[in-house]
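Read the structure below first, then the notes.
The values are calculated or read from the model by the stated rules, or taken from the named source; none is laboratory data. From a predicted model like this one, the values you see are computed outputs, not experimental measurements. Here the Cβ positions follow ideal geometry from the backbone for every residue, glycine too, while neighbour counts run over all protein chains shown. Calculation scope for accessible area: heavy atoms of the full protein, side chains included, ligands and nucleic acids excluded. Shrake-Rupley method; radii C 1.70, N 1.55, O 1.52, S 1.80 Å.
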Amino acid sequence: MLEPYIGEANLSHLYLFDNDDLLRVTTSEPPHGMAPTVVPEAVVQDLWRMQTIRHGSLRTTGGKPLTVLDPGRLNTADGPDFTAAHLRIGPEEWRGDIEVHTSSAEWSRHGHPADPRYNAVILHVTLNADLMTGTLRRPDGTLLPEIVLTPHLTRRLHNHLLHFFERPSELPCAWTLDASGAENRALWVRTMAQRRLLRKAREVETLGPNALALLAARTLGAPTNADALETLAVRMNPDELRRMLPLARERAVLIAAGLLPPSATLQTAAELTASERLATPWRYGGVRPAGTPDLRIVQWAGLFTPGRLLGYGGIDYVLERVRARDVSALIEAASAQPTDYWHAHYRVGRVSKPHSPDVGVSVRERLIANAALPFALAAGADVDDVLACLDALKPESDAHTRRFPTAFTQQQTATHTQGLHELHRRYCAPGRCLSCAVGKAALGA
């Protein structure tokens, strides 16, 4: 834990204790053309995530007005720093990824111009300008819009650094949670779960007739490949997938995903030369074998088997089972059962130890919580029936739920963890503590 030393009056530098070592961090802006190397990139990510910048006059380095409609979600795995961002640059709206650095030169220094995953980056955010600013290009050669943050900060960089390093790792209300009352916390988190369901149901209505397939794709791809798998789902025709035999269906989705050349089959994939393999945007870094994009893609395709979640009769079946509060039947319908090839493969053309390629029970429950139940609510199911199904599912464990102290996580149901997700999204991440029922009570407001 870095501790600030406030005794230094020089506002161009910040001194921090790291154990017994005294570190000197430059906080003033360097001369034009010199790249800052001492401000941690995590600080710049935090500035963008919290949007502690002055809006209304934002412009790219090319002079176009910039409006941040959604800064995106912080990506803790390999790839761009933020995903699912929504911007307006000039008259056009853009959705995609955002990459953050302390200097423009780091775009090339980190190898991004040769990485096809960065073709989806819609904005490069740099703390300071250097000689590379305004000249960056994506791997496909297109010019990348860029913004320099320093002129738009709401406070001096020195103060942002102090705030970043002094901020406790726990939630601000963690110190006084007892004052909020266990019953009050439980009621508020359940309210958040209901709001999350209603928000997702409204999103379902905007996704069209293939909403359940898109939600299932996003859930299976989360967190690293959610956007890519959803994009693949948009390209595919659900009715055609339902009519195909399992092996043909897997080959079709892998070809569409760019993981299998049209002339190849799964059995001949291992014989492909390096030049025949396609460059794809799928992310493998930090992903466990059971979550590799190849396997997740064919698991999603397997859900189109008749009787499964996305197959013939599956959508009506989901609504029927939710109304009956039959969660075990929903979990069974979320089984995918890929073909025998995948018992010895996690990736196309690469043999692995024998394993079960089916969707694990915990992932099936995530499919129910994040795809089937919001879809059922949008399709006319009663909110009490949907919440009862959510109550019967086991809790999720991820980066968002683990950041909450134990006083928040004592009720172990999916309803509670879904509520924590919404609580983090609505109040904790943007720092809206005094608009949160628990935060107000805990902080004595």
#### Entry: 5 angstrom amide H check on residue 72, placed H, neighbours 5+ away
86
### Task
Note down the magnitude of the dipole of the chain about its Cα centre, charges +1 on Lys and Arg C-beta and -1 on Asp and Glu C-beta and zero elsewhere, to the nearest 20 debye.
620
### Percent accessible area from carbon and sulfur atoms, region 63-145, protein chains only, probe 1.4 Å
52
### Task
For 362, 263, give the ranking by accessible area with the largest first, probe 1.4 Å.
263, 362
### Message
Checking the a/c ratio against 1.5 first, then a/b against b/c, what shape does the Cα gyration tensor give for region 272-383?
### Response
prolate
### Message
How large a share of the accessible area of region 152-251, in percent, is made up of carbon and sulfur atoms when the probe is 1.4 Å and the other protein chains stay in place?
### Response
54
#### Entry: Probe 1.4 Å, accessible area per residue of region 34-112, Å²
46
### Selection from 256, 66, 194, by position along the positive dipole direction of the chain (Cβ)
194
### Query
Which value at 222 nm does the chain reach when only helices count, each DSSP H run of 4 or more adding -39,500 (n - 2.57), with the total divided by all residues and rounded to the nearest 500 deg cm²/dmol?
-10000 deg cm²/dmol
### Task
Would you pull out the residues with amide H under 5 Å of residue 346's amide H, same chain only if 5 or more places away, H placed 1.01 Å from N?
352
### Query
For log10 I(q)/I(0) by the Debye sum over Cα atoms at q = 0.07, 0.10, 0.11 Å⁻¹, the listed values are [x] -0.47, -0.89, -1.01; [y] -0.42, -0.84, -1.00; [z] -0.39, -0.77, -0.91; which was obtained by calculation from the structure presented?
[y]
### Å² of accessible area per residue within region 359-445, as computed with a 1.4 Å probe and no ligands counted
40
